[in-house]
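Participant: Sharing a structure with you now.
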Amino acid sequence: MAKRRIVLALGHRALGTNLPEQKKRVAETAKVIADFIEAGWQVAITHSNAPQVGMIHTAMNEFGKLHDGYTSAPMSVCSAMSQGYIGYDLQNGIRTELMKRGIYKPVATILTQMMVNPYDEAFYTPMKPVGRLMSAEDAKAEEEKGNYVEEIPGKGFQRVVASPKPVAIVEIDVIKAVMDADQIVIACGGGGIPVMEQGYNLKGASAIIEKDRAAGLLAKEIDADVLMILTSVDNVTLNFGTQSEQAISSMNLEEAKAYIEAGQFEFASMLPKIEAAADFLLYGRDRKAIITSLEKAKASLEGQAGTTIRES
């Protein structure tokens, strides 16, 4: 009998924002992941990278400015570096926790490229802030390079990049091979490295992909049974931030679509999670998507916490 498969999409709270914090958070997160593996699940893990990729982008740009002969790093390279940096901590944290439990199972991070459509409308409306705050002079220099910059009142200027939808995972066959071998894979970190085809070449795009959309595509491609998106809240809520705020324990695709059309979900946070869950559910039967916090992960799988989304 084939094992059940789950994709765990880790939010930034599961990873922390700096090196010491990341080490601590990863050790805690590894316990939850090990619980799923111990229970017999095949696990694929993806993760956010917002603080880390911002830190790398800032560091590389500052280094390039201060040292002759060095250049700043494009967003695609910064994304690749963040995948390796976070994956390194995650795979070692998971390995350590598994060995403590007497489980000997390989964990591998796969540097993952994500194909995007060069004509995606997102490229015309960049919205993802990245990197350091800049002066007006530095912001002008960025714009002269063809980059987008927005002003943050009272603070300065910051570069913003596009957030296109992922259309294909370049390394999907490698990911499937690792999963089929009953091993643990960390892939599509930070939404994957956005790339576009140019002849035989893959060219990095100046963009950041929503990690939840990437997780939904990964779950669909490996035919997962469950997509679990771990975030900072225990449940999806309606009327968020109002006196009539209401937590939802479950919804179906038709209800999810109605909530989206009613504007119930914040564009840059909850909406991509709901859309990723809906897309995953459309391409298979007897699947479910769960949105919850790391602390409620195990209970949500048993229907005792979180928000579960099903086809009907």
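Each reported figure results from applying straightforward, stated rules to the coordinates on display, with no laboratory input. The model shown is predicted, which means the values in this text are computed figures rather than measured ones. Backbone-built Cβ (ideal geometry, glycine too); neighbour counts: all protein chains shown.
Participant: Within 10 Å, count the other beta carbons around each residue, average over each peptide in 158-169, 115-126, and list them highest first. Intermediate results must be reported in sequence, preceding the final value.
Facilitator: Values: 158-169: 20.6, 115-126: 15.1.
Ranking the peptides 158-169, 115-126 by packing returns 158-169, 115-126.
Participant: Projected onto the charge dipole of the chain (+1 at Lys/Arg Cβ, -1 at Asp/Glu Cβ, origin at the Cα centre), which of GLY156, ILE110, LEU202 gives the Cα projection farthest towards the positive end?
Facilitator: ILE110
Participant: Skipping prolines and chain starts, which residues have an amide H placed within reach, meaning under 5 Å, of the one on ASN49, given they are 5 or more residues away or on another chain?
Facilitator: For ASN49, the qualifying residues are GLY190.
Participant: Another question, if that's okay. For Cα pairs less than 8 Å apart in space and 6+ apart in sequence, what is the mean separation divided by the residue count of the stretch 119-275, i.e. the relative contact order in percent? List each step's numbers first, then the result.
Facilitator: On the way: 181 pairs, mean separation 25.0, N = 157.
Contact order relative to length: 16 percent.
Participant: Say a paramagnetic label sat at a point 7 Å from the Cα of PHE240, along Cα to Cβ; which residues of the stretch 260-285 have their backbone N under 16 Å from it?
Facilitator: Of the residues in the stretch 260-285, 260-278 have backbone N under 16 Å from the label point off PHE240.
Participant: I've got another one for you. What dipole magnitude, in Debye to the nearest 20, does the chain give about its Cα centre under +1 on Lys/Arg Cβ and -1 on Asp/Glu Cβ?
Facilitator: Details: 33 positive and 39 negative charges, 183 e Å.
I would put it at about 880 debye.
Participant: Check the straight Cα-Cα distances from LYS65 and name the aspartates and glutamates below 18 Å, setting aside those fewer than 8 residues away within the same chain.
Facilitator: Excluding near neighbours in sequence, the set is GLU137, ASP138, GLU142, GLU143, GLU144.
Participant: Moving on to the next point. Based on alpha-carbon centroids, what's the gap between the stretch 249-309 and the stretch 39-97 in Å, whole number please?
Facilitator: 27 Å
Participant: Using only the Cα atoms of the chain, what do you get for the radius of gyration and for Dmax, in Å?
Facilitator: That works out to 19.6, 63 Å for Rg and Dmax.
Participant: Report the label-to-label distance for ASP180 and ALA168 in nanometres (one decimal), using points 7 Å from each Cα along the Cα→Cβ vector.
Facilitator: Calculated label separation equals 1.9 nm.
Participant: With θ set to phi - 60° and the Karplus curve 6.51 cos²θ - 1.76 cosθ + 1.60, what are the ³J(HN,Hα) couplings of the stretch 231-238 in order, to the nearest whole Hz, using x for Gly and Pro?
Facilitator: With the stated coefficients, the stretch 231-238 comes to 9, 8, 10, 6, 9, 6, 10, 9 Hz.
Participant: Per DSSP H run of n ≥ 4, the term is -39500 (n - 2.57); total these for the chain, divide by its residue number, and report the mean residue ellipticity at 222 nm rounded to 500 deg cm²/dmol. Spell out each step's value before the answer.
Facilitator: On the way: 9 runs with 119 residues, N = 312.
So the helix-based figure for the chain works out to -12000 deg cm²/dmol.
Participant: Tell me, what is the FRET efficiency for PHE267 and GLU62 to the nearest 0.05, using R0 = 41 angstrom and their Cβ-Cβ distance as r?
Facilitator: Working: r = 31 Å, r/R0 = 0.76.
So the FRET efficiency works out to roughly 0.85.
Participant: With a cut-off of 8 Å between alpha carbons and a minimum separation of six or more residues, what is the relative contact order of the stretch 93-182 in percent?
Facilitator: On the way: 105 pairs, mean separation 30.6, N = 90.
Relative contact order for the stretch 93-182 comes out at 34 percent.
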